[in-house]
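Colleague: Can you keep this structure in mind? I'll have questions shortly.
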Amino acid sequence: MAVYKITVATGSDLAAGTFNNIFIILVGEHGESEKHQIARHWSHFLPGSVTEFDINVEKDLGELLLVQLNMECYLNFFLDDWFCQYVNVTSPSGQLYQFPFYQWISKPGSVEVPEGKGVIITGSTSPILLRQRKAELEMNRETYKWKVYAEGVPRCIDIEDDGVFKLPPNDQYSLLKEMSFGYNLLSIGFGTMLKGFMFNKDSWHNLEDIKLLSTLRQSQKSGLVSEIWKEDSFFGSQYLNGVNPSLIKKCFKIPENFSVVDEMVASSLGPSTNLETELQNGHIFLADYKILENIPTNTINGKQQYIAAPMCLLWKNPQDQLVPIAIQLSQTPGEHTPVFLPSDSEFDWLLAKIWVRNSEFQVHQIDSHLLRTHLLAEVFSTATTRQLPMGHPLYKLIIPHFRYTLEINVLGRKQLLAPSGHFEKAWVFGDGGIPLLLKRAMEGVTFHNLCLPDNIVSRGMESIPNYLYRDDGMKIWLAVESFVSNIVNYYYYSDVMVKEDPELQAWVAEIFKEGFLQNCSSEVPSSLESIASLIKYLTMVIFTCSAQHAAVNSGQFDMYSWMPNGPTTMKSPPPTAKGATMEAILKTLPDVNTTALGLIFMWTVSNDPLDTRHLGNYPNKYFTEKTPQQAIKEFQDKLTEISKHIKERNKTMDLPYAYLDPSVIENSVSL
Ligand code: FE2
């Protein structure tokens, strides 16, 4: 008789425990054990509990490959889900086998958990493991299906839009996160209602009144933004260190449809230079919002809303500030398309800049934030669950970077994007405009612009000073790349192994098909041929889901809670002549209740609810081998070093840039 010592750990979430009956079967290369019930005791399977017991098996099972966990209802507690963290088994010879799981078991029946060593399928893989992986993926593909969200847009998970509770339990928020998210939302929602902002459909009477609303909540930066928002240097700095730092490009030639000429910008550039010289010197930059042209707009409070498609020319001046020097609000030049300049009247220049900020808000939210982080992360997540079994080392590497992504996206589609959702009530685009804008934005997504180093070079932004998104982002990119490289090089010995890994290739192909819609011009790979290409691909996936999302998500309240710095919508058409007044500006800005809805959104999405996991923090120990565990430790040490450097630098800055401090970046898109 052989005695195996078993340890079973239950998750620590409040709802993780179970009163159901749990059974276990050990499966080894020489056979399997009987089905053993884990003895019922009041302390077994409580949240956070670790239960130890022995089982007797008739013979030594050899190398252990799997454990089967079986849940049966006790007193009809059929809804009593169990979150199992891991099972450890010590064999009669003293060999420790670890079975990391970290999943919910939510219905009666059995699941098989493979031993923790990362396994890539080869010709010599055990038939038992092959069978387990096939069964796991078949079940996942039944549970996680694709559906079309909108034509030309990445596919999403096929869950009915009536609630997140239809999601598989592994993808639902924890109780703690659900409650704190709800609290953040309701607390500011009630605040704006009690003060009467939510019921006021009028225009603001003056800019100062907006502070009555924006100061209901404050962040470290939001108050300062409301003081300096009119300054050209702050306007320009947001292209580098604001919440949409990937739009601006170096300009080598003024676009033909932009009517700006040398004389117009002479007073900005000063007597010692001119536009041509500055173009040649690489000091001129362009923000072009052509993508917004003719997108259908909402009607809010019975008023038609409007959008512009501006171009904004910026100059890196000798003080190393990036400042706007010309704005044209339409892509079509002509008599009714003036070029606005800093030398115009205060209100003309201010209104032109507000229009650009409104355009910036739309492109930031729909293209940079929704499409390039949330929707792509959902594709990566869903493809992973469908194509990579839990025993695959790359599953272990990337699964922490999809935590809660499906829930926030399902919530977003239901509460924000759907007809009568938040966007239709408070933003310029709703159910009509957003799918069209997403489709256009998708045409601009390429593999290279999802990879930070290539993205920076393609926009000519390698050398502009004070570009902290680039500087901090590159440090994180390199840290992720080094971590990924250590993991990949441990499991893959050659390029051939990459090419011949059927599960990896199916994963990449599915992302190309369902996420990038087989668009070859995107240069997103449909297969991977080498270790180097695999490292770059995985780095892109992890960076997109963590750092890139933090860069475009975390500062929304800072930058937009002062509404004139980022109006969600505009309710007068763009000016076709100069002569603006403050009255015209106030008539153009969103109504009081629309502003309040915008503020609620910014507060809720910028404040992490409880239950967050920051970059490199992997409490679920999917890797059981020493080398990957050491790689995680090195990654964490590197991130700590980067964080320390950023914190030190920020102490010296009036407007610190902390969105890419690894200590506040979340591992995944969860908000
Ligand atoms: Fe987000």
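Yes or no, residue by residue, for (1) open to solvent by less than 30 Å² (accessible area, probe 1.4 Å); (2) closer than 30 Å to ILE408 by Cα; (3) within 16 Å of the ligand (Cβ to nearest atom); (4) in contact with a helix residue (DSSP H, G or I) (Cβ under 8 Å, 6 or more places away or on another chain):
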position: MET582; (1), (2), (3), (4): no, no, no, yes
position: THR595; (1), (2), (3), (4): yes, yes, no, yes
position: ASP608; (1), (2), (3), (4): no, yes, yes, no
position: PHE623; (1), (2), (3), (4): yes, yes, no, yes
position: THR640; (1), (2), (3), (4): no, yes, no, no
position: TYR657; (1), (2), (3), (4): yes, yes, no, yes
position: VAL669; (1), (2), (3), (4): yes, yes, yes, yes
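Colleague: Ok, one more. If you take the residues in region 240-275 that are touching a residue at least 12 places away in the same chain (Cβ under 8 Å), farther than 12 Å from TRP315 by Cα and not in a loop (DSSP other than H, G, I, E, B), which one is most open to solvent (accessible area, probe 1.4 Å)?
Modeller: The residue in question is SER267.
Colleague: Which of (1) open to solvent by less than 60 Å² (accessible area, probe 1.4 Å); (2) modelled with pLDDT under 95; (3) in a strand (DSSP E or B) does HIS44 not meet, given it meets every other one?
Modeller: Here HIS44 clears every test but (3).
Colleague: Which residue out of ALA580, ALA584 is on the phi < 0 side of the Ramachandran plot, touching a residue at least 40 places away in the same chain (Cβ under 8 Å), in a loop (DSSP other than H, G, I, E, B) and of a type in the set (Gly, Ala, Ser)?
Modeller: ALA580
Colleague: Now, a different point. Given the structure, is VAL664 under 18 Å from the mean Cα position of the chain (by Cα), within 16 Å of the ligand (Cβ to nearest atom) and open to solvent by less than 30 Å² (accessible area, probe 1.4 Å)?
Modeller: Here the answer is no, as VAL664 does not meet what is asked.
Colleague: Any chance region 588-610 includes a residue that's without any contact (Cβ under 8 Å) to a residue 40 or more places away in the chain and either in contact with an Asp or Glu (Cβ under 8 Å, 6 or more places away or on another chain) or not in a helix (DSSP H, G or I) (or both)?
Modeller: No, that holds for no residue.
Colleague: Being under 30 Å from the mean Cα position of the chain (by Cα) and loosely packed, with under 15 Cβ neighbours inside 10 Å is the filter here, so list the residues in region 212-230 that pass it.
Modeller: Within region 212-230, THR215, GLN218, GLN220, GLU227 meet the criteria.
Colleague: Additional query: Could you run through region 415-444 and say how many residues are away from the ligand (no atom under 16 Å from the Cβ) and crowded, with 20+ Cβ neighbours inside 10 Å?
Modeller: 8
Colleague: Now for a separate question. Considering only residues of region 524-544 that are in a loop (DSSP other than H, G, I, E, B) and open to solvent by 40 Å² or more (accessible area, probe 1.4 Å), which is nearest to LEU371 (Cα to Cα)?
Modeller: By that ranking, first place goes to SER526.
Colleague: I'm checking my understanding of the structure. Among residues of region 643-654 that are open to solvent by less than 90 Å² (accessible area, probe 1.4 Å) and either in contact with a Ser or Thr (Cβ under 9 Å, 6 or more places away or on another chain) or aromatic (Phe, Trp, Tyr) (or both), which one is nearest to PHE101 (Cα to Cα)?
Modeller: If we take residues in region 643-654 being open to solvent by less than 90 Å² (accessible area, probe 1.4 Å) and either in contact with a Ser or Thr (Cβ under 9 Å, 6 or more places away or on another chain) or aromatic (Phe, Trp, Tyr) (or both), then SER643 is nearest to PHE101 (Cα to Cα).
One line per residue, one yes/no per condition, for (1) in contact with a His (Cβ under 6 Å, 6 or more places away or on another chain); (2) open to solvent by less than 30 Å² (accessible area, probe 1.4 Å); (3) aliphatic (A, V, I, L, M):
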position	(1), (2), (3)
TYR467	no, yes, no
GLU481	no, no, no
VAL496	no, no, yes
GLU503	yes, yes, no
PHE512	no, yes, no
PHE516	no, yes, no
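Colleague: Working carefully through the options TYR102, TYR173, find the one that is crowded, with 17+ Cβ neighbours inside 10 Å and part of a strand (DSSP E or B).
Modeller: TYR102
Colleague: Considering each of SER572, SER521 in turn, give the residue that is more than 16 Å from the ligand (Cβ to nearest atom), small (Gly, Ala, Ser) and either buried (at least 18 other Cβ atoms within 10 Å of the Cβ) or within 28 Å of SER485 (Cα to Cα) (or both).
Modeller: None of the other options fit; the residue is SER521.
Colleague: Out of all the residues in region 48-80, which are open to solvent by 40 Å² or more (accessible area, probe 1.4 Å), under 14 Å from ILE105 (Cα atoms) and either touching a Phe, Trp or Tyr at 6+ places or on another chain (Cβ under 9 Å) or among the aliphatic types (A, V, I, L, M) (or both)?
Modeller: Correct list: GLU72, PHE77, LEU79.
Colleague: Answer yes or no: is there a residue in region 150-168 that is surrounded by 14 or more Cβ atoms within 10 Å (Cβ to Cβ), among the small types (Gly, Ala, Ser) and over 27 Å from TYR74 (Cα atoms).
Modeller: So far as region 150-168 goes, yes, one or more of its residues are surrounded by 14 or more Cβ atoms within 10 Å (Cβ to Cβ), among the small types (Gly, Ala, Ser) and over 27 Å from TYR74 (Cα atoms).
Colleague: Hey, another quick one. Select from region 284-295 the residues that are crowded, with 22+ Cβ neighbours inside 10 Å and either on the phi > 0 side of the Ramachandran plot or assigned to a loop (DSSP other than H, G, I, E, B) (or both) and list them in ascending order.
Modeller: TYR289
The values are calculated or read from the model by the stated rules, or taken from the named source; none is laboratory data. Please read all numbers here as calculations on a predicted model, not as lab measurements. We place every Cβ from the backbone using ideal geometry, glycine too, and count neighbours over all the protein chains shown. Side chains are part of the model used for accessible areas, which takes the heavy atoms of the whole protein and leaves out ligands, DNA and RNA. Shrake-Rupley method; radii C 1.70, N 1.55, O 1.52, S 1.80 Å.
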